[in-house]
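For reference, the structure discussed in these notes is given below.
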Amino acid sequence: MTAVESRPSGVLGTSPGHRPFGARAKAFVALTKPRIIELLLITTVPVMFLAEQGVPSLWLVFATCFGGYMSAGGANALNMYIDRDIDALMDRTAQRPLVTGMVSPRECLVFGITLGVVSTLWFGFLINWLSAALALGALLFYVVVYTMLLKRRTTQNIVWGGIAGCMPVLIGWSAVRDDVSWAAVILFLVIFFWTPPHYWPLSMKVKDDYARVGVPMLPVVAGNKAVARQIVLYSWVMVGVSLLLTPLGYTGWFYTAVALAAGGWWLWEAHALHARAKAGVTGAKLKEMRLFHWSITYVSLLFVAVAVDPFLR
């Protein structure tokens, strides 16, 4: 792991007197990266509806979501512990709890490990051990494979590291069926091919941050034209994979219509970004964040369609 000289912690310091309880509680919640977990849950719950072909047990949905939050939260906390040196140097992460001193590294480490252990036992005893194994595998993959091995070494970091973000699909399915079917695998692959073109536009926006700390995100080492071309390629594969559910008999007309409409708009935006990059457009006129924001809308619409489709067949 590359060492980076950190700037001093924020004005809050590490003195207990400077860390009021309310602010500390918010800081521990921030360690779990709740905004990212919201997106993970968007892909978990609809898959449970598809697996059930209707409304699953509300207790099971709650237990799966709560366990998923603890597991992903533990992974995110451990990610912040490992990346605290570079987080201190990046503008977009300068207010994270370890950087400001609101939470100490030791507290963060204990917090992350505790969430990981408790979430695994929660899944195992209250849901099933397949879901527990998948959740633990996602945590270890994100912390060890992505954060420790890939992030600072290869431009493919977000491609393969994104596998951890695909696991909630399998967890949601297995929570209902205690197995993993081709439907879950297809949706897993949708998220796998969605992750790079979702994250690379954001990386294009903040590439100076990554360059400053030596993290080789693709936009740091390749030009906008090359990055946009990769975004277009992954986008086409993602949309193609998303359409496999219907011919295999897992979804009907409603999901297909949403997947075609949302996927078509995604491809329009991806090609538009590539055209601007190819023309040499830079700065605000590149509008790379349009695709980033649309990517969140796209995955939300697609998985809502996954949940609704069983009721319309």
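Tell me which residues, restricted to the range 33-88, are open to solvent by 10 Å² or more (accessible area, probe 1.4 Å), without any contact (Cβ under 8 Å) to a residue 40 or more places away in the chain and of a type in the set (D, E, K, R). Passing the criteria: Arg35, Glu38. Just one of the listed residues (Thr120, Thr114) is among the hydroxyl-bearing types (Ser, Thr, Tyr), assigned to a helix (DSSP H, G or I) and either buried (at least 20 other Cβ atoms within 10 Å of the Cβ) or touching a helix residue (DSSP H, G or I) at 6+ places or on another chain (Cβ under 7 Å) (or both), and it is Thr120.
The values are calculated or read from the model by the stated rules, or taken from the named source; none is laboratory data. Because the structure is predicted, anything quoted here is derived from the model rather than measured. Counting neighbours? That spans all protein chains shown, and the Cβs are built from the backbone with ideal geometry, glycine included. Heads up: the accessible areas ignore ligands, DNA and RNA and are worked out on the full protein's heavy atoms, side chains in. Shrake-Rupley method; radii C 1.70, N 1.55, O 1.52, S 1.80 Å.
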